[in-house]
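Below is one structure, written out as C-alpha cells; the observations come after it.
Any read-out appearing in this document is the output of simple, stated calculations on the displayed coordinates, not a laboratory observation. Since the model is a prediction, treat every value here as computed from it, not as a measurement. Note that we place each Cβ from the backbone using ideal geometry, even for glycine, and neighbour counts take in every protein chain shown.
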Amino acid sequence: MATRIVVHASSSELLDTIERQPNADSVRTNHALGFVFARSLLPATSREPARTSNADKQDEYAEVLVTAWRGDTLALVFTKLGSAKCKLVSPLHPSSLSSVGLPLVPPLAAQLLDLAPFSARGGPALLRSLCGPDILVDAFLALWPHQRRPSTSRTFIAASVKCAPPPAVMPAGHSLSRARDVEELSIADLEAVARLLDALEAEGAGPAAAASTPEPAREPKPLPAPDALLASTRTALCRGPTWLYRAHGTPVGLVEVGRPTRRTCALRKVVVAASHRGQGVAQRMVGEVMRACLPAGVDGGGRKDEVCLSVDPGNEPARRTYARVGFDELEGLWSEVDLEGIEPGHRG
C-alpha cells in the first residue's frame, strides 16, 4: 500500500480529517487532538500570546499538524502547537502499531525536518519534548537529529471509559458541584482550592494523585494576599470545567475536565486533600464527574462518548479507584521525553 504524509493547513482541517476516519477520535489520540480542538475554538488573534512574553522562543507561534497514512488507513498523528510538548499518537490498536505505524515513522520524521520551525538552523531542537506511546516515541527519537535526554520526564498509562457508572451515594454533609463562578467562592474556599492545587503540583499534575494514600505532611506554600489568591485561583479554574467536592462545606477534592474533542474529554487534574484520602472521596467524585460527561448520567449526562485520563503506573491506589468506576487501561506505557540543551515543552 502507498505511504502518504499529509501536512494540514489548520486545526480545523485536521479535525475534519479525523472526523471522517472511523475510531480516529478516541483515547488513543486524545492527548494530541484535545489541544488541537481547544485551539480550533479560539479566535485567530487569541492563539498568539503577547509578543513581549516568550519573545525569545522561535516556535512560539508554530502550528505543525501532520498525519501519516498507509493507503486509506490513518496510522500516525503528529502535532506541535507553539512551544508545548509535541505529540505523536496513533488511532491504531497496539497490535497493529509495529506492522503499520512504525514503518511510517521514518518518512514522517523526514517530512517534519522540511517544515518550519524544524527546517531552520538549530530547528530540530525545537521539538523540545515528545509525548506518546513508548514504542512510537523511542522509534521517532532514534531518528531525530537532536539528542534526547537519557531518562523520560514522565511515564504513564492511558485509560478510558465509555459508560457512566451508577450514581454515587454521598455521605451526609458531602456534595459535588461545578465551580462556575470564581467570584462566588469565599476566601475560605479559595484557600482550600489553593491548597489542593499546591498538593497536586507537589505530587505531579494529573489524575495520579486522586487516590494516593496519605503521605507525611509537608510545609505548605504560604498563601498570597486575597486579591492575588482570587486572581491565581480564577486562572487555574478557567483552564477547563472544574468540579469541587465538599465535605461539610469545605472543598476537599477537585477534578478538572479538559482536552475536549468532538467525542472525548479527559480528566486532567484529580486531587483529594490528604486528610480525606482512603475514604472513597476520589471514587465518588470521579464517578459523578464521569456521569456529567457521558450520556445517561447526571440530568441525562453529557455529550461525550469517552472519558480519558492518564495515571502513574506505580500509583496502585489510583489505578484501583479508576478501575472501580469502569476505566479500562490501554496496553503499553506512554512517555514524555525531553531533548537535551533546550527548555522542555509545556503541557499545553
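Filter the GluC sites (Glu not before Pro) in segment 241-348 down to the DSSP loop ones having no more than 14 other Cβ atoms within 10 Å, then list what survives.
Listed in order of number, the matching sites are 331, 340.
Let me make sure I get this right: for segment 221-348, a, b and c are the square roots of the gyration tensor eigenvalues over alpha carbons, sorted descending. Under 1.5 in a/c it's rounded, otherwise prolate if a/b > b/c, else oblate. Which is it? If you can, show how the numbers build up before the last one.
Numbers: a/c = 1.36, a/b = 1.03, b/c = 1.32.
Judged from the Cα gyration tensor, segment 221-348 comes out rounded (a/c under 1.5).
Apply the Karplus curve 6.51 cos²θ - 1.76 cosθ + 1.60, θ = phi - 60°, to the phi angles in segment 182-199 and return the couplings in whole Hz, x for Gly and Pro.
Karplus values, whole Hz, x for Gly and Pro: 4, 4, 7, 7, 6, 4, 4, 5, 4, 5, 5, 5, 4, 5, 5, 5, 5, 5.
Could you list which residues have their amide H under 5 Å from that of residue 148, counting only those 5 or more apart in sequence or on another chain, with H placed in the peptide plane?
Those qualifying (amide H under 5 Å, at least 5 residues apart or on another chain) are 340.
Could you tell me whether segment 3-156 comes out rounded, prolate or oblate from its Cα gyration tensor? Rule is a ≥ b ≥ c as square roots of the eigenvalues, rounded for a/c under 1.5, then prolate if a/b exceeds b/c, otherwise oblate.
On the way: a/c = 1.65, a/b = 1.20, b/c = 1.37.
Oblate, since a/c reaches 1.5 and b/c is not below a/b.
By the gyration tensor of its Cα atoms, with a ≥ b ≥ c the square roots of the eigenvalues, what is the shape of segment 74-121: rounded for a/c under 1.5, prolate for a/b over b/c, or oblate?
oblate
Just to be sure I follow: if Rg is taken over the C-alpha atoms of the chain and Rh is the Kirkwood radius over the same atoms, what is Rg/Rh?
Computed over Cα atoms, the ratio is 0.97.
With θ taken as phi - 60° and the coefficients 6.51, -1.76 and 1.60, list the Karplus ³J(HN,Hα) couplings across segment 137-146 in order, rounded to whole Hz; mark glycine and proline as x.
So the Karplus estimates, Gly and Pro as x, are 4, 5, 5, 5, 5, 5, 9, 6, x, 10 Hz.
Exactly which trypsin sites (Lys or Arg not before Pro) in segment 129-180 are in a DSSP loop and have at most 10 other Cβ atoms within 10 Å? Spell out each step's value before the answer.
On the way: sites: 148, 154, 162, 178, 180; in loops: 162, 180.
The qualifying sites are 180.
Multiply the residue gap between residue 178 and residue 143 by 0.36 nm, knock off their C-alpha separation, and tell me the result in nm, one decimal place.
Once the chain is fully extended between residue 178 and residue 143, it gains 8.1 nm.
Lysines within cross-link reach of residue 304: Cα-Cα under 26 Å, excluding same-chain residues under 8 positions apart?
Within the straight-line cut-off, residue 304 pairs with 80, 85, 87, 162, 269.
If R0 is 22 Å, what FRET efficiency do you get for residue 153 and residue 323 from their C-beta distance, rounded to 0.05?
E between residue 153 and residue 323, to the nearest 0.05, is 0.25.
Dipole of the chain, Cα-centred, from +1 at each Lys and Arg C-beta and -1 at each Asp and Glu C-beta, to the nearest 20 debye?
Dipole about the Cα centre, nearest 20: 360 debye.
Taking 0.36 nm per intervening residue step and subtracting the Cα-Cα distance, what contour gain separates residue 238 from residue 1 on full extension?
80.7 nm
In whole Hz and in residue order, list the ³J(HN,Hα) couplings for segment 6-12 that follow from phi through the Karplus curve 6.51 cos²θ - 1.76 cosθ + 1.60, θ = phi - 60°; x for Gly and Pro.
10, 9, 9, 6, 7, 4, 4
Calculate for the chain the 222 nm mean residue ellipticity that helices alone would give, adding -39,500 (n - 2.57) per DSSP H run of length 4 or more and normalising by residue count, nearest 500 deg cm²/dmol.
Working: 8 runs with 89 residues, N = 348.
Helices in the chain give a 222 nm mean residue ellipticity of -8000 deg cm²/dmol.
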